[in-house]
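Remarks on the structure that follows.
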Amino acid sequence: MTMTEETATGAPTRDPRQDKQIPEEGVKPRGKWANNTEFLLSMAGEIIGLGNVWRFPYLCYKNGGGVFLIPYVVFLFFCGIPVFFLETALGQYTSEGGVTAWRKICPMFEGVGIASQVIVLYLNIYYIVVLAWAILYLYNSFKSPLPWSTCDNPWNTDLCHGHYSHFANPHLYQPGSNWSFLNNLTSLDYFDYLPDMNLTDHQEFGNATDSTFVRTSEMEFWMNRVLRISDDMSLGKVHWDLAVCLLIAWVVCYICIFKGIRSTGKVVYFTATFPYVILLILFFRGVTLPGAGDGLKYYLMPDFSKLGDPSIWRDAGTQVFFSYAVCQGVLTSLGSYNKYNNNCYRDCLALCCLNSATSIFAGFAVFSVLGFMAHELGVPMENVVESGPGLAFIAYPRALSMLPGSSFWAILFFLMLIFLGLDTQFVCVESLSTALTDMFPRYLRRRGGREVLVLVIVVVCFLLGLPLITEGGIVLFTLIDNYGPSGISLLFIACFETIVIAWVYGADRFCDNIEDMIGYAPTRVLKYCWLFITPTICGITLLYDLSETQPLAVYEYYPGAWGTTFGSVLILTPLMCIPVFIFVRLCKNPDNMMTPSSDLRQAQPHKPILTLCGKVIFKAQGKPNRSVYEVDDKMMMEEPGSV
């Protein structure tokens, strides 16, 4: 029996005592974080990941150094923080996961939640492959010398040249040097092919024995030992060692979360803090190296001419959305385990500051070491700077191999990558399992149901990830990375989220809900961001992104239009969920398309749900019920502790 009371107009309003209702027999009550620290560390583990280390520093360098912070801060304050807070507050207010929260707020737009869970599913399949690569590198880091620092391995070709060759023959590694004596090559410049790990570059998918360029030992380790790319880019042969590494990553992930937030909340005390210890060590080691100053100069030196390039603003917006994990339902799920009166407003602002500060700080650790490598090799910084996997698995390992005690530094670096990625991964699995459990509580919130559900998710995602560690798996990985959780999908979902909350549910009503939770009203700037600024900026960026999107070069490795079709399906699948579920709701219950759930607490139902410039845009939907205010506050704030 739902404990609700009728308002004077007949509209039921949520009685806070319903949080204490006895659940259906055999159905376990919904859990809460043991304390606020567990919530903060879990959120930090999700939003602070690999992108902070291998994407943000490169984007700063690429887009005008310190000037990149200008569009980054604009997107952060007017898009990132408003959507980040919106999703977190929505979860805390409704105490529901990423799907049912939207169903309760506005049944017609349940598809927004479904779309975000499709994005999370993509992440659960391909993101953990990076951890498998990192585990393989970690295993090889215990060897001396580091396997990727030499050309004396079975996977190396005659074109391989390690950095030891540079020290023995420095005159051969200057621009314009003639390598024609090697394998009958003609006038090959050593700088014609430095490891550019933009995974769309077709050269990287070519034959490992192609004799058109000289390879570094790090590149050959990455291509011939880790990826083992074949001529036909086959997806049939799974590499067993990578499969074992992938399995290890999934087993660790399962152990961390199979008990729900009872286990997740304890694990994050270590997994969310340990990477900072390693990052600090790498930072202090990096800034003390010769050439570090040149690297930091390239990282931060402002180039104001870049501000006029629209692609810089697009990069800033994409980075903010990716690094803050918005539009994925994860923030809503984590926020749903908060107590009703938790100050999520303060928490979100602190987390956003921490995330951006970590990104900037990571740049110092990365570019100081890259500056050292450029100094040691005597090459310009432009020739050693990489982004994404190219930084993590080629450029940075190469730099670390030049340090005394290189194995120690390599172990620290790959441990940091693993823990950064692991936090993000198991929180994504937690989000998906929370959404499914809240959708089907009668079946999944029973004894053993949680464990079985997480096991099913882990097994299914592990099997779906196996094609990504085949001979042609890097192409599939690239397609999913570019078109799965793409900027197009995230911007589209962000537009819908802000429009639904601001214009359908009502920005004023949502602000009143937040004030009821935290005890004071958030800044009014958030209201106008949700109403106008955020959807406008996201919409403009989305249109520019669509106009600039070009087919990936990797498509040529598949017959016909297979690659194009697959990329289009990845983008359209989550986006189609929104109109499809609008149609489903229209067919099932056309009279209840936009009415919020009756069990949502409305402390001020007499107030208009949306006002602009003192004028009422949408009127109130009910009158205040005095019994709501007479309920003991302590009873309202208490929440069940079990999961």
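Here, each number is a calculation from the coordinates, and none is a lab measurement. The shown structure was predicted, so the numbers you read here are calculated from the model rather than taken from an experiment. Neighbour counts are summed over all protein chains in view; Cβ atoms, including those assigned to glycine, are modelled from backbone coordinates with ideal geometry.
Per-structure values
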{"item": "Anchor Lys619: lysines whose Cα lies under 26 Å away (excluding residues fewer than 8 positions away in-chain)", "result": "Lys104, Lys527, Lys607"}
{"item": "Distance in nm between pseudo-label sites at Arg446 and Lys588 (7 Å out along the Cβ direction from Cα)", "result": "2.2"}
{"item": "Sequence-distant residues sharing a close amide H with Leu612 (under 5 Å, placed H)", "result": "Ile617"}
{"item": "Computed FRET value (nearest 0.05) for Leu464 with Phe142, which takes r as the C-beta separation and R₀ as 22 Å", "result": "0.10"}
{"item": "Hydrodynamic radius (Kirkwood) for segment 363-453, which is based on Cα pairs only, to one decimal in Å", "result": "16.1"}
{"item": "Förster-model FRET efficiency, 45 Å R0, Asp231 and Ala357, C-beta, rounded to 0.05", "result": "0.45"}
{"item": "Cross-link partners of Lys266 among lysines (Cα-Cα below 22 Å; sequence separation of 8 or more within a chain)", "result": "Lys28, Lys32, Lys339"}
{"item": "Pair-distance profile P(r), taking every C-alpha pair of segment 231-305, with 10 angstrom steps and integer %", "result": "14, 21, 21, 26, 18, 0"}
{"item": "Set of lysines near Lys62 by C-alpha distance (under 29 Å), chain-local residues within fewer than 8 positions excluded", "result": "Lys297, Lys306"}
{"item": "Long-range Cα-Cα pairs in segment 300-344 (distance over 16 Å), rounded percent", "result": "60"}
{"item": "Proxy reagent accessibility, fewest Cβ within 10 Å first, across Met373, Met381", "result": "Met381, Met373"}
{"item": "Residue-count net charge about Asp241 - beta-carbon cut-off 15 Å; Lys, Arg +1, Asp, Glu -1", "result": "+3"}
